[in-house]
1. Which of the residues belonging to the range 110-158 are in a helix (DSSP H, G or I) and either at positive phi or under 60 Å from the mean Cα position of the chain (by Cα) (or both)?
2. Which one of these does Lys150 not meet: (1) in contact with a helix residue (DSSP H, G or I) (Cβ under 7 Å, 6 or more places away or on another chain); (2) modelled with pLDDT of 95 or more; (3) basic (Lys, Arg)?
3. Going through Ile83, Ile117 one at a time, which residue ends up being of a type in the set (Val, Ile, Thr) and more than 30 Å from Thr154 (Cα to Cα)?
4. Go through the range 143-164 residue by residue and tally those that are β-branched (Val, Ile, Thr) and loosely packed, with under 10 Cβ neighbours inside 10 Å.
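The values are calculated or read from the model by the stated rules, or taken from the named source; none is laboratory data. This is a predicted model, so every value here is computed, not measured. Note that we place each Cβ from the backbone using ideal geometry, even for glycine, and neighbour counts take in every protein chain shown.
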Amino acid sequence: MPQIAQLDATWSSQVFWLLVFFGITFFVVGNLMVPKVMSTVAERDGQIAADLAAAKASRDAADEQEEAWRVRENENRAAAQAIVAKAKDEAAAKSEKKLKAAQTRIDKKLADAEARIGEARTEALAEVESVAVEAAQDIVKTLAGVKVTKPVATKAVKEAMANG
């Protein structure tokens, strides 16, 4: 086979060119491409680190703002509760004032009514007494045939009502 017979004559030149080609490739890749790739990787690592630092700073700032918001929210809630409590106290004070005024009016009306009732009772008792005096005079005149004077009948009715 002539192809195999040729190998003895060309193998050293093929190995030489193989080594030259691989040497050039190694030199080009090692000195030109690898540094570019490494610088790109380093740049990317730096960018990632910067992005992570920025994200951490943003998260810390957001946490601080959230905490400040929570503090403000709690202060606002406390202020609102104080306003509500004040409004309740004011409403209770107004209600109590109105209740006292109403109670005063009711007490005055009650006192006036009791006074009118007392006057009416006195008038009624006086009227009952005068009717009783007249009835006593008529009864004595009808039963005994004796005419009793008004002062005597009044005195007898008063004694009967006091004992009675």
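1. Within the range 110-158, Leu110, Ala111, Asp112, Ala113, Glu114, Ala115, Arg116, Ile117, Gly118, Glu119, Ala120, Arg121 qualify.
2. Condition (2) is where Lys150 drops out.
3. One residue alone meets the criteria, Ile83.
4. 2
One line per residue, one yes/no per condition, for (1) surrounded by 10 or more Cβ atoms within 10 Å (Cβ to Cβ); (2) of a type in the set (S, T, N, Q); (3) assigned to a helix (DSSP H, G or I):
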position	(1), (2), (3)
Gln6	yes, yes, yes
Gly23	yes, no, yes
Lys36	no, no, yes
Gln47	yes, yes, yes
